[in-house]
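Please treat every number below as a calculation from the coordinates, not as lab data. None of the values given here were measured: they were computed from a predicted structure. Positions of Cβ are backbone-derived with ideal geometry, glycine not excepted, and every protein chain shown enters the neighbour counts.
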Amino acid sequence: MNDATGMPQTAVVVGGTSEIALAVLDLLAARRLEQVLLASRDLEGLAAAAERVRRAGAREVATLRFDVTAAGDVETLVREATERLGTVDLVLVAAGDLGTADLAELGPERVLAMMATNAGGPAAAMIAFARVMAAQGFGRIVVLSSVAGLRVRRANFVYGAGKAALDGLALALGDAVAGDGVSVTVVRPGFVRTKMTAGMASAPLATDAPAVAAAVVAGMERGDEVVYVPPALRYLFGAVRLLPRAVFRRLPG
Amino acid sequence: MERRAVGERARAEHRLLSGWGGQPRSMAEVVRPRCAHEVVDLLAAAEREQRGVLARGLGRSYGDAACNGGGIVLDMTGLDRLIGFDAESRCVTVEGGVSLDALISWAVPRGFFVPVTPGTRQVTVGGAVAADVHGKNHHHDGALGSWVRRLRLATPAGEACISPERDSAAFWATVGGMGLTGVVIEVTIELIPIESSLVRVDTERPEGLEECMRLMEEGDAGYRYSVAWLDCVRSGSSLGRAVLTRGDHATLAELSAAPGRSGGGSDPLGYRPRQLATVPFQAPVRLPSLPAVRAFNELWYRRAPRRRSGELQTIPAFFHPLDVLGEWHRLYGRAGFTQYQVVVPFGAEEVVREIIEVLLAGGFPSLFAVLKRFGGADPAPLSFPRPGWTLALDIPLGSAGLGAVLDRLDERIAGAGGRVYFAKDGRLRPDLVGAMYPRLGEWRAVRDRLDPGRVLSSDLGRRLHLLEEAA
């Protein structure tokens, strides 16, 4: 169950080796989190992630090797989750692939895979769990979006377009299921220093996984529908979205 | 016999439910039975369909005690009949969905009053039994359970008549059992006699928490009713400055002695409760900000006389001052609020001060804070009251960090031998329930005998693992 301060007792993580997701679980385990199901492609990473969540205090941590872009795997995950957890209080959608913006590397297969990992797969998982939550009468979905989806720019246009699709879908899904007791929180971090961004030049207002996690948990407690990390990005990107294209395309990066 | 599924019944609808505090919320299938027979029938149908069921009264528990996400919720307000009254024993028998409001309106003109009333009369008798509610007279009269003479309880196996003499284990597991032992379909309760519908009230205004506690320790024994409202937004020496009101039902002699009330005149048992206004919609923003809370508390404190004795107040004014504003919980907006009500044993007074200080320091102002002394506990294993100080604080939800602060206070309270009140709770640490309610195991055994199929369930029960040992 989710308590009055928005803290869940069970959680499913789609993209269960994500640094941000694990940092969120660290905080939730210190509060109410008891049972967790981590799903990821990365079998080795899953074992280490499960160990970390156990150390953080969750009493039951299961893992599932899972490809978010495979419809059958999403179905298996939903089945595993409902059988193991009883109720699914929180689904944390953290799958994503920054990929590349180099046209030479963006063959059709790569583009489709990136779109599936960043948008199609997470969308399928979110909607599948939204159905489970509507049936159980409550639940919260937290989606890791990105400010990159607010106005897609050339530096990461495939990734950004995927996040734009996911962000829009998540917001509207939240409206669609609000009457069923299900809430959706969209998290829009800026540049986060993680293994996904290792080697890249840090952008202004860069942050790290623990900071994003703290903002996510605070947003869950407040019942926020959208969380910016850091909060100043809300205003910065409000302005960026209004820039004329002629100016926007000249911005560095 | 016709076997209908729960969802095919007339009056079944899906509704998003919460407690009075507004959080947490969950969707359930709500059915409104009109008679005891229908309740029994619904429980059997739910067992066949393997769905959880919970009875809900007027939704005045603050957290998730009356919610049952994904399951069935029985709206008990359709069972609203008065069955009978025995003048000699002063025992009235009513259906579980009768409100205290209705019962008080019936009883007062006949010269009787309910033995225990919480701070609102908008609760059902069945819900009041399930929460084993207390009032301002706990130090004098105990909780409601000690005035209940008989219950009719519906379980998936059928219905049973239970009392302190007949299957007392089932009776006391149901009193304070938060609706998880069965559905209370009928209650027989002893009323108390009154000569008038007015209350003779003495008011004092202690300037700090210690003085308030001292006055209550010294003087409570002389009053049937006693409660202190505390200002929890002032620190230092005026922390916990209070308005202490104590009294008893006024006798006819006291009425005629009162100035301006000589002889005859109005009916001494006249009773006209009023609701002046209803909050029409949820506030778009969270209203109780710190400055607003400070202003409200200042006003409430200044408005009370420094010392006054023998003032005559009406029953609604004395017992149910908040009922004058309908749906007042909407003032807290969408984020809602929680009521943190705890009891700590006598001797642990410093914990009361600590709770107020910690919340104030954390920036979580409490709009309303009430302090009173509890007397002896009744035999119910999950009943909240035990001898000690009980503090109840209304705290707005929707601020980051509140949960962690309350978690630390939970630990302090459990360590001091105290506990948190389930009927107010939406967020207690489940790992502390066993320490706060050491007779939980005993209760579980009786519960499992009454409902072996675990048909009865609630969000509170699931969240706090009341039905089974946490692994």
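Points worth noting:
- For region B:79-194: relative contact order, % (alpha-carbon pairs under 8 angstrom, 6 or more apart): 32
- Put in order of Cβ neighbour count within 10 Å, fewest first, the listed residues A:TYR235, B:TYR301 become A:TYR235, B:TYR301.
- Gain in span if fully extended, B:ARG48 to B:ARG11, counting 0.36 nm per residue against the direct Cα distance: 11.3 nm
- Sites listed here are GluC sites (Glu not before Pro) in region B:1-83 whose DSSP assignment is loop and whose Cβ has at most 12 other Cβ atoms within 10 Å: B:GLU2.
- Partner shielding of A:219-227 amounts to 3, given as the average count of beta-carbon atoms from other chains within 10 Å of each residue beta-carbon.
- Per-pair calculated FRET efficiency, R0 = 30 Å: B:SER168 and B:ARG110 via Cβ, rounded to 0.05: 0.50
- Of the peptides B:441-449, A:184-192, the order by per-residue mean of other Cβ atoms within 10 Å, starting with the highest, comes out as A:184-192, B:441-449.
- Gyration tensor verdict on chain B (Cα atoms; rounded if a/c is under 1.5, prolate if a/b is larger than b/c, oblate otherwise): oblate
- Contour minus Cα-Cα distance for B:GLU311 and B:ALA283 (0.36 nm per residue): 6.5 nm
- Per DSSP, loop trypsin sites (Lys or Arg not before Pro) in region A:14-44 with at most 10 further Cβ within 10 Å: none
- With a 10 Å cut-off around each Cβ of B:70-82, the average count of Cβ atoms from other chains is 1.
- Relative contact order, whole percent, for region B:348-471 stands at 22, derived from Cα pairs under 8 Å and 6 or more residues apart.
- Distant-in-sequence amide contacts of A:PHE138, defined by a placed amide H-H separation under 5 Å and a gap of 5 or more residues or a different chain, comprise B:MET27.
- Net charge over other residues, Cβ less than 12 angstrom from the Cβ of A:VAL143 (K, R count +1; D, E count -1): +1
- Per-residue shielding of B:15-25, expressed as the average number of other chain Cβ atoms within 10 Å of the residue Cβ, stands at 3.
- Between helix A:121-136 and chain A: long-axis angle, C-alpha atoms, 0 to 90°, nearest 10: 40
- Only lysines eight or more places from B:LYS136 in sequence, or on another chain, were considered; those with a Cα closer than 27 Å are B:LYS372, B:LYS424.
- Here B:ARG439 and B:ALA258 are evaluated by their C-beta separation; at R0 = 56 Å the FRET efficiency comes out at 0.75.
- Remark: the protein assembly as shown is approximated by an ellipsoid whose semi-axes, taken from the C-alpha gyration tensor as √(5λ), come to 51, 30, 22 Å, largest first.
- Chain B: relative contact order as a whole-number percent, Cα under 8 Å and 6+ apart: 18
- The residues packed around A:THR82, meaning those with a beta-carbon under 14 Å from its beta-carbon, carry a net charge of -1 if Lys and Arg are +1 and Asp and Glu are -1.
- Alpha-carbon centroids, region B:363-437 and region A:228-253: separation in whole Å: 47
- B:VAL344 sits among other residues whose Cβ lies under 14 Å from its own Cβ, and their net charge, with Lys and Arg +1 and Asp and Glu -1, is +1.
- Fewest neighbouring Cβ atoms within 10 Å first, the residues B:THR188, B:THR124, B:THR251 line up as B:THR251, B:THR188, B:THR124.
- Calculated FRET value between A:ARG193 and B:SER235, using beta carbons and R₀ = 51 Å, to 0.05: 0.80
- Between A:ALA232 and A:ARG131, the distance separating the two model label sites (each 7 Å from Cα on the Cα→Cβ line) works out to 4.5 nm.
- Likely footprinting exposure, A:VAL24, B:VAL233, A:VAL53, fewest C-beta neighbours within 10 Å first: B:VAL233, A:VAL53, A:VAL24
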